[in-house]
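See below for the structure under consideration.
All of the numbers you see were taken from the coordinates with simple rules; none came from a lab. Keep in mind the model is a prediction, meaning the values are calculated, not measured. Cβ placement follows ideal geometry from the backbone for every residue including glycine, while neighbour counts extend to all protein chains displayed.
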Amino acid sequence: MSSRGGELTSTALARIPVGVVVERHRAKSPWLDFLCRPVSVLAGVPAAAPWTVIGSEGDVTTFYAGEAVIELYRTETANYRDNLASGAPLLWVVMRPATGKVGFELLLVTADPAEGEALTGAGNDLVETVPMPVPIGEIVASFIAEHHVEHSFIKRQRDRSTPRSPARRAGGSEHEG
């Protein structure tokens, strides 16, 4: 994403609208009342308001959390390819603690494993994986086929005429002290 005149613009070449389904259940903890976790992503967006109750059984309530957009970037095709090649491709759903009925707001969904992993590193955001639906996998595979460019690894050759350590440049031994 880039900022142009205060307005955010995306450099994504493809955008896949999805719906997110979340489960909330009573916690077995003195510090938390409820635990919340994404359980699936829907290909497409249903005509339901965010945080609509889909079902309830015992202590578990299932919600339609709302709409998100998976953005696909040309520079990340190798990551998408690795995700699909894993045999069980995943989507990463990111939710942030918030005030409200469920206690979370939906932030984003990504198909990029590197981005998903990076988002687990800081803050209080909830980052969970869910299985990637087949129709979304097909769109991602098509995007890879259209935009992936294989980059070969080029090993840099060391310049042998330049000494590797300051001690050698000074003409002394590395072990002098």
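Worth a mention:
- Annotation: amide H of residue 54 within the under-5 Å range of 62, 63, 64, sequence separation 5 or more or interchain, hydrogens built in the peptide plane.
- Placed amide H near residue 40: partners under 5 Å, 5+ positions off or other chain: 21
- The 3J(HN,Hα) values that the Karplus relation (6.51, -1.76, 1.60; θ = phi - 60°) gives for region 12-23 are, in residue order, 5, 8, 9, 10, 10, x, 9, x, 10, 10, 10, 10 Hz. Gly and Pro appear as x.
- Note, ³J(HN,Hα) from phi for region 70-87, Karplus 6.51, -1.76, 1.60, rounded to Hz, x at Gly and Pro: 7, 9, 10, 10, 4, 6, 10, 4, 5, 5, 4, 4, 4, 4, 5, 6, 5, x
- Hydrodynamic radius by Kirkwood, which averages 1/r over all alpha carbon pairs of region 56-146, in angstrom: 14.3
- Residues of region 15-46 with amide N under 14 Å of the 7 Å Cα→Cβ point at residue 115: 15-18
- Simple spin-label estimate for residue 75 and residue 155 gives 2.8 nm between the two label positions (7 Å along the Cα-to-Cβ direction from each Cα).
- For region 1-129, the average shadow cast by the Cα convex hull is 9.8 nm², which is a quarter of the hull's surface.
- Extension gain (nm, one decimal) between residue 14 and residue 134, 0.36 nm per residue minus Cα-Cα: 41.5 nm
- Averaging 1/r over every pair of different alpha carbons in region 58-98 and inverting the result gives a Kirkwood radius of 13.3 Å.
- Placing +1 on the Cβ of every Lys and Arg and -1 on the Cβ of every Asp and Glu, with nothing else charged, gives region 11-97 a dipole about its Cα centre of roughly 120 debye.
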